[in-house]
Structure formats: C-alpha cells, structure tokens
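Notes follow the structure.
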Amino acid sequence: MDKKHIFIYLFMALPALLLTSCLHDQDDTFNDSASARMSKYIQHVDTVLTSAKNGWVLNYYPHREQIYGGYVYTLKFDGQNVQVGTEIAAPADVFTSTYRLVADNGPILTFDTYNEAMHFFATPSSSMYEAYDGDFEFIVMGISDDQNTITLKGKRSGNIMYMYRQTDYTAEQYLDSISTIKSAMVGMKQIITVVGTDTVAISNSGSALTFSYTENGKDQTETIPVHYTLEGMAFFKPITFLGQTVNGIKYIDGADKLPAFDNDNIIFEVIVLPLNEQFVNGQWYVAYSKLGSYAQPYWDKFKEGTAAEGEIVGYAFFGALEGNGFGMQFTSGRYRGMIYMKYKLTGEDEITMAVTTDVGDNNGRWYWKNAGLESAMFPFGHTTGKTFKLTANNPKFPSQITLTDKSNEENVITLSGTQVTAPFDN
C-alpha cells in the first residue's frame with residue numbers, strides 16, 4: 001500500500017478517533033438505557049389505555065389503500081384483557097381477548113390472542129391469503145398532551161388511525177348512535193357543493209366519496225375513504241378542491257343541506273332522486289340472510305361453485321359498476337368480476353332488469369359458466385328479465401332497498417347501501 005492510500009485511510013479514521021476522545025469522559029446523556037426508557041414508555045401507554053373508564057373509540061381502516069373504507073371499534077383495556085365492540089357486529093356484542101404492549105423498533109399494541117372482531121379483517125383464508133389487509137398490531141405513534149387521543153399506525157397496512165377516549169357514552173350506546181347516523185348518511189348517494197360558479201358533484205358508495213369537478217380546464221376526480229362519527233361522516237384525510245379544504249360532512253337529522261366539519265364556506269346539498277334512480281346509481285350489497293327463502297337456494301349454487309375453486313365471495317353488489325354501466329359486481333378469492341345488465345325504469349319505484357347478451361366481463365362470464373353465478377342471477381331476472389317494486393327503509397335517504405318481484409310474491413330481496421363483506425356469512 002503506498003503512502004497516499006495510507007494517508008487517506010488515516011484521514012478517514014481521524015474523525016472517529018477525535019469523536020471517541022471527546023465523548024470518553026462525558027456522562028451518558030440519558031440516565032436510563034434505551035431499553036429502560038422503552039419499558040417506562042410502554043408502562044405509560046398501558047396506564048393511559050386502562051385509565052379510560054368507558055374505553056376508547058378506534059377509527060379503523062383496513063387495507064393499505066383503504067378500499068373498504070373505515071369502521072368504528074370500541075375498546076376497553078384492563079391491563080390484561082380487552083373488550084372489543086364494532087359496527088360490523090350488533091352494538092351489544094362484546095368480543096374479549098388478551099392484548100400486550102411490546103417493544104419492536106417502537107412500542108407495539110398487539111391483540112395477541114384471537115378476537116373475532118379485532119382479527120376479522122386480518123384473518124387469511126385459502127382464497128384470500130392477505131385477508132382484507134387489516135391490522136391487529138399497531139405502532140403507538142404518540143399520545144396527546146391531554147391523554148385523550150392516541151395515534152396508531154397499522155404495522156401491516158401503514159395506515160394512520162386514531163383512538164379517542166370515550167367519556168359520555170358506553171360502548172353499546174356509542175355504536176348504536178353510529179349505526180343510526182351511518183344508516184342515514186349511507187343513503188345520501190348524490191351530493192353537490194358549489195364553490196363560486198363551479199359545482200362539485202359527489203357520489204357516495206357508503207365507504208367512500210368520489211369528488212368530480214373541473215379545475216383550470218381539467219376534469220378532476222378524487223376518491224376519499226370515510227368513517228362515521230357522532231358528528232357525521234369523517235374523511236380518512238382532508239381533501240382540497242377548488243381552493244377549499246374539508247375533513248368531513250356534519251349530520252343533521254332530516255336535513256338535505258349539511259355543513260362541513262371545519263369550513264364555513266362549504267355546504268353540501270344532498271340530491272334526492274327517485275328510488276329507482278337511487279338504485280341504479282348506487283351500490284347495493286348482498287347479504288345472504290336478506291336474500292329471502294326463494295333466492296337463497298339459487299345463491300347456494302354460487303357459494304358451492306366458488307368453494308369448489310377454493311375461494312370465498314368477498315362481496316357482491318347490484319347497481320353502478322366500477323368503471324361504467326349497471327349490473328352486478330363481485331369478488332371471489334383474488335378475482336373480481338362483473339355481470340352486465342340492462343334496465344328500464346317505470347315511475348319512481350319500479351325497475352325491469354335482465355342480464356345482457358354478452359353476460360359480463362371475462363371473469364363474470366367464467367363464473368357464470370363454471371361456478372354457479374348463472375344460478376345466482378335467476379332471482380334478479382337472468383336473461384329473460386324481471387320487474388321489481390322497490391321500497392326502502394328511508395325513501396329520502398335509504399340505507400336498504402327491498403326488491404319485490406311483481407311476478408312472484410315469494411321473491412323478496414333486501415340489499416344494503418353499506419358494504420357487506422363475506423355475504424354468505426351475513
């Protein structure tokens with residue numbers, strides 16, 4: 001090695017030697033080791049968790065792209081066990097398991113034994129190896145100064161979520177109130193707001209809002225996942241359109257003009273469409289228990305067909321398809337498919353519908369032919385068509401629509417405006 005290279009190596013090593021000599025005689029900046037500080041912080045987190053007599057409300061978002069929207073959970077910790085409630089179950093239902101706080105590149109809140117509610121979106125199956133991309137382990141990102149808000153990050157999804165101390169309601173009371181508000185707001189399918197001379201059109205799938213507007217001569221579309229609070233519909237993150245930023249829409253019982261959470265310049269106006277137009281413009285989800293005794297045997301064939309492929313149906317809805325048109329959209333395992341339908345509206349509350357001659361997209365046609373989907377479409381008109389009378393739990397802003405077959409009074413089907421996952425289990 002020549003002198004030039006030796007000089008370079010010595011020069012590179014010199015800062016490290018100087019740094020060592022400078023720090024050698026100094027006291028440790030912290031009195032405790034890093035592991036001791038982490039242990040103290042974890043104890044502090046548990047103290048805060050257990051201090052909430054009525055527990056906490058968690059706004060939970062499965063999936064790293066939040067495609068399912070957000071869901072409300074209630075959690076009450078006692079130092080070892082956690083009692084969990086959720087809007088995806090009945091308000092009175094309580095699911096109990098253990099939890100732990102552990103150190104893993106930061107403090108982790110983990111629900112370490114199986115909890116039917118807390119693990120629902122995270123439990124894989126043979127056909128959904130990532131389940132719904134949900135979390136049951138959360139990085140504790142911080143606690144507010146008043147100890148009423150805890151910021152979490154899903155360890156798997158990376159989604160930022162918030163837990164809020166519950167003071168005024170029990171878990172059952174809170175979930176019951178959320179159910180009422182969500183049921184009303186899910187029915188608000190078409191919304192507009194006016195900014196200056198520009199109109200922003202907003203479509204509501206129940207789990208997300210899609211904003212459509214023109215800015216600087218360009219058409220803009222943005223979809224925002226949502227969850228529901230006692231105030232109304234809250235957005236996963238703020239949205240900015242035409243110079244206005246909003247975080248959510250407040251709920252006022254019976255009103256069709258609603259203020260924004262935090263922006264006095266914005267008023268959201270709900271458009272009340274005839275019931276049959278709400279049906280074709282919305283997305284109305286199948287739950288097996290609501291199909292009725294006539295339709296259920298037809299859908300059993302679809303369940304058997306997908307099971308033979310080692311798959312389960314993730315969801316199925318009728319209405320406006322993602323992309324364009326009207327029909328039925330579904331997922332089975334990791335596949336998504338569509339059945340295309342034509343329709344005719346009569347008056348404000350009747351629809352005649354039938355499957356088109358090309359049936360659907362490639363996946364739709366495959367499941368139609370090979371996995372019992374053709375059978376599932378018989379109660380809805382198949383290719384010959386059926387006429388249905390539509391009724392709703394709330395004609396103005398429905399969260400459920402019931403289809404009654406005018407040619408067969410036994411064929412009565414109720415569909416939900418709220419997304420139903422795993423329809424054969426609901």
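The values are calculated or read from the model by the stated rules, or taken from the named source; none is laboratory data. From a predicted model like this one, the values you see are computed outputs, not experimental measurements. Every residue, glycine as well, gets a Cβ built from its backbone with ideal geometry; the counts of neighbours run over all protein chains shown. Note: areas computed on protein heavy atoms with side chains; ligands, DNA, RNA excluded. Shrake-Rupley method; radii C 1.70, N 1.55, O 1.52, S 1.80 Å.
On the principal axes of its alpha-carbon atoms, the chain has extents of 92, 53, 53 Å, going from largest to smallest. Taking other residues whose beta carbon is less than 11 angstrom from the beta carbon of residue 136, and scoring Lys, Arg as +1 and Asp, Glu as -1, yields -1. Taking the chain as a Gaussian network of alpha-carbon nodes connected by springs under 10 Å, the highest mean-square fluctuation of the residues 142, 85, 196 belongs to 196. Measuring nothing but protein heavy atoms, the accessible surface of the chain at 1.4 Å probe radius is 50 percent carbon and sulfur. Looking at segment 319-370, the GluC sites (Glu not before Pro) that sit in a DSSP loop and have at most 14 other Cβ atoms within 10 Å of their own Cβ are 322, 348. Based on DSSP H segments of at least four residues, each scored -39500 (n - 2.57), the chain has a per-residue ellipticity at 222 nm of -7000 deg cm²/dmol. Taken per residue, the accessible surface of segment 172-305 reaches 43 Å², heavy atoms only and a 1.4 Å probe. Cβ-Cβ distance of residue 214 and residue 265, R₀ of 25 Å, FRET efficiency by 1/(1 + (r/R0)^6): the value works out to about 0.85. Charged neighbours of residue 187, selected by a Cβ distance under 12 Å, balance to +2 (K, R count +1; D, E count -1). Among 103, 320, 34, the largest mean-square fluctuation in a Gaussian network model of the chain (Cα springs under 10 Å) belongs to 34.
With Cα atoms defining each centre, segment 334-355 and segment 131-185 are spaced 37 Å apart in the structure. Segment 224-241 and segment 44-114 have Cα centres lying 21 Å from one another. When only the Cβ of Lys, Arg, Asp and Glu is charged (+1, +1, -1, -1), the dipole of segment 351-426 relative to its Cα centre reaches about 200 debye. Which pairs in the list 155/396; 344/396; 76/303; 153/250; 301/396 are over 30 Å apart, alpha-carbon to alpha-carbon? From 155/396; 344/396; 76/303; 153/250; 301/396, over 30 Å: 155/396; 76/303; 301/396. With a cut-off of 12 Å between beta carbons, the residues surrounding residue 122 carry a summed charge of -3, where Lys and Arg count +1 and Asp and Glu -1.
Only Lys, Arg, Asp and Glu carry charge here, each on its Cβ (+1 for the first two, -1 for the last two); on that basis segment 204-355 has a dipole of about 460 debye about its Cα centre. Checking every one of the trypsin sites (Lys or Arg not before Pro) in segment 303-353 against DSSP loop status and a limit of 16 other Cβ atoms within 10 Å picks out 334.
Over the chain, with a Gaussian network built from C-alpha contacts below 10 Å, which listed residue (363, 408, 247) shows the highest mean-square fluctuation? Per the Cα network of the chain with a 10 Å cutoff, 408 tops the list.
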